[in-house]
Amino acid sequence: MKEKDVENIEYNYQRMRDEDFQKVCSVYEDFSRWITYEGPIDSTSVTWTVADSAQRAAIYLVERNPALLANSDISLEEWQERHSEVLESLREEEQRVDDENETPQ
């Protein structure tokens, strides 16, 4: 990152770009946990949570964009069977959100 960019971020004149987050978090692992959890975190206690969250995000992405499987050795049906538990959980979560949005407030 350029020194001027860091200064501008510190003074809230600009926001960090995705590339900046990537660079900083790849060098300073604790910083990535700080951003994600808004404070210090014991790395061993969140390792599985982060991995599960990343897997759910990847499964959601492929479910929404099945073309991502085009260059893989697995069919969509096999992929859905392999990840059926997470897919079901995602569908239940979406249904819950939809139900909350339909409920008059």
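The values are calculated or read from the model by the stated rules, or taken from the named source; none is laboratory data. As the structure is a prediction and not an experimental result, all values here were calculated from the model. Using ideal geometry, Cβ is built from the backbone for each residue, glycine included, and neighbour counts are taken over all protein chains shown.
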Index of the failed condition, residue 35 passing every other in (1) assigned to a loop (DSSP other than H, G, I, E, B); (2) modelled with pLDDT under 80; (3) of a type in the set (Val, Ile, Thr): (1)
Cross-chain or 6+ apart pairs with Cβ under 6 Å, segment 44-64 first and under 18 Å from residue 77 (Cβ atoms) and surrounded by 10 or more Cβ atoms within 10 Å (Cβ to Cβ), then β-branched (Val, Ile, Thr) and at pLDDT 85 or above: 59/86
